[in-house]
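So the structure is just underneath, and the comments pick up after that.
Please treat every number below as a calculation from the coordinates, not as lab data. Worth saying up front: this structure is predicted, and the values here are computed from it rather than measured. Cβ placement follows ideal geometry from the backbone for every residue including glycine, while neighbour counts extend to all protein chains displayed.
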Amino acid sequence: MSRDGKVVTMSQESQLTTALAEAAATAGHAPSVHNTQPWRWRVLPDALELRSVADRKLAATDPEGRLLAISCGAALHHARVALAAQGWRAVVERLPDPGDRELLARLTDLSRTDADPDAMHMVQCMQVRHTDRRPVSDEPVPTDAITQISRAVTAEGCRLQILDRDQVLELAATAGHADTVESEDPELRAELAYWTGRAGTGTGLPAEVLPEQLPQTTVPARDFGRPGSLPMGPGHDRAAVYALLHGDEDEPDSWLRAGEALSAGWLTATRLGVSVVPLSAVVEVPGTRQTLRQLLAGLSYPYLVLRMGIADPAHAGPPHTPRLTTEQVVDTSAVRGEQG
Ligand SMILES: Cc1cc2nc3c(=O)[nH]c(=O)nc-3n(C[C@H](O)[C@H](O)[C@H](O)COP(=O)(O)O)c2cc1C
C-alpha cells in the first residue's frame, strides 16, 4: 500500500525502486563545485531522498553552503529528468524537514506516465556534458541558443542576465579581485590544493581537466593554484558570452533551485553544442558577490557566473572528470530485495 492508500502491486513496487535507484545513479553525472559531489541518495520503497554530505562541503570557501546547495540542486534536476525519461512523475519537496537541514529534497507521490522523449534526450546530454576550461573559439553563440538556454533557466524559477560589454569589463575586474582575495587566504588555498590533489579517489579535479597555463580570457578564469595538463589551444574567448544566473532570494531553497536551473540551462546548452563554464569565485567572496548584486541593480541575488561559447572543434577537449561509484552515493539498503 502506498502512502495515499492506493494499492500497488509488488511488481510495480520493484519497478519503482529500480527507477528511483537508476535516477539517483544517473544524477551522478551532475556538475558540482570542485567535483565534490556533496550528495547522497536514499532509495525508499515509495520515495527518493537527497541529502547533503558535510564531509564534501568546502568549509572554508563555501561556509554558508551556497555552492553545495547549487551542486545538489543540479543533481536533483538530473534525477527528476531521469525519472521523467523512464515514465515516472514525482512531486518534489524541497527542504521538507526544518529540523533536518541535510535532507535537501524528497521525490515522492510517484505515479506512472508516458516516458518523455525530451527527457530521454536530456539524459543523453548528461552523459556528454562536461566542463571545458579552454578559451572558446571565435564562432559566435547563436542568439536562438541563448534564448533557449535562458528559457530553460526561467522554467526552473531563476533568471539569466546576459552581460553587455561594459558589464563584462566590470565582471573581469571583479573576478580579478576575487582571485586576489582567494589566493591570499591560506585556508582557501589549502582547500583548493586538497580538491586538486585527489587523483584516484573519484572526487576533485585531476590534472587532465585543468589548464596547462592560465587561459587568455576577458574575464579571468579560476586560478586552480597548480598547472594542469590540458593544452589551452588557440582560442582567445572574444566570442564568449558571459551571464549571471540569479534569483529573488538568497536562501538554501533558492540555491537548490539555482542548481536545478543551472542543470536545465547547461543540458540545453549541451544539446545545442554550446560549452558552459561556471565561475564561482566571484560569488564565494562576500565583497565581489555584493558587486555582482549591483550589476543586477540590487534587485536580485547572484548565484553563479556562466561563460558560454562554442568550444574549439579542431582540438580535443578535456576527458570526463571522474565520479564516485554509485555504491558510494546511492543507499539502497531500505529496498534490498525489492528492486527488479
Ligand atoms: C556550483 C558550481 C561552481 C563551479 N565553479 C567553477 C569555477 O569557478 N571554475 C571552474 O572552472 N569550474 C567550476 N565548476 C565546474 C566544476 O568544477 C565541474 O562541474 C566538476 O569538476 C565536474 O566536472 P564536469 O562538469 O566536467 O562533469 C563549478 C560547478 C558548480 C556546480
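How long are the semi-axes of the equivalent ellipsoid of region 201-319, taking √(5λ) for every eigenvalue λ of the Cα gyration tensor, in whole Å from largest down?
Numbers: eigenvalues 137, 53, 48 Å².
Ellipsoid half-lengths, sorted descending, are 26, 16, 15 Å.
So which trypsin sites (Lys or Arg not before Pro) in region 62-161 pass both tests, a DSSP loop state and at most 13 other Cβ atoms within 10 Å of the Cβ?
On the way: sites: ARG66, ARG80, ARG89, ARG94, ARG101, ARG106, ARG112, ARG129, ARG133, ARG151, ARG159; in loops: ARG101, ARG129, ARG133.
When the trypsin sites (Lys or Arg not before Pro) of region 62-161 are filtered for loop state and at most 13 Cβ neighbours within 10 Å, ARG101 remain.
Kirkwood-type hydrodynamic radius, the chain: 20.5 Å, calculated from all non-identical alpha-carbon pairs.
At full extension, ALA155 and GLN294 could sit 47.6 nm farther apart than now, given 0.36 nm per residue minus the alpha carbon distance.
May I ask you to compute the full-extension gain from ASP100 to HIS315, defined as 0.36 nm times their residue separation minus their alpha-carbon distance, rounded to one decimal in nm? If you can, show how the numbers build up before the last one.
Numbers: separation 215, 0.36 × 215 = 77.40 nm, distance 4.72 nm.
Stretched out fully, the ASP100 to HIS315 stretch lengthens by 72.7 nm.
Expressed in nm to one decimal, what extension gain is obtained for the pair ALA207 and GLU327 from 0.36 nm per residue of sequence separation less their Cα-Cα distance? Before the final figure, lay out each step's value.
Details: separation 120, 0.36 × 120 = 43.20 nm, distance 2.52 nm.
Gain on extension, ALA207 to GLU327, equals 40.7 nm.
Computing FRET efficiency as 1/(1 + (r/R0)^6) for ARG238 and ALA59, where r is the C-beta to C-beta distance and R0 is 51 Å, gives about 0.85. Identify the residues of region 291-311 with backbone N under 18 Å of a label point that sits 7 angstrom from the Cα of ASP185 along the Cα-to-Cβ direction, or state none. Within reach of a label on ASP185, which here means backbone N under 18 Å from a point 7 Å along Cα→Cβ, region 291-311 contributes 291-293, 302-305. The Kirkwood radius of region 109-206, taken over pairs of alpha-carbon atoms, gives through the Stokes-Einstein law at 25 °C and 0.890 mPa s a diffusion coefficient of 135 µm² s⁻¹. Each distinct pair of alpha carbons in region 180-260 adds a 1/r term; the inverse of their mean, the Kirkwood radius, is 15.3 Å. Pairs of Cα atoms in region 20-136 fall into 10 Å distance bins, from 0 up to the last occupied one, in shares of 14, 43, 31, 10, 1 percent. The share of Cα pairs per 10 Å bin across region 278-340, counted from zero up to the longest distance, runs 16, 22, 19, 26, 15, 2 percent.
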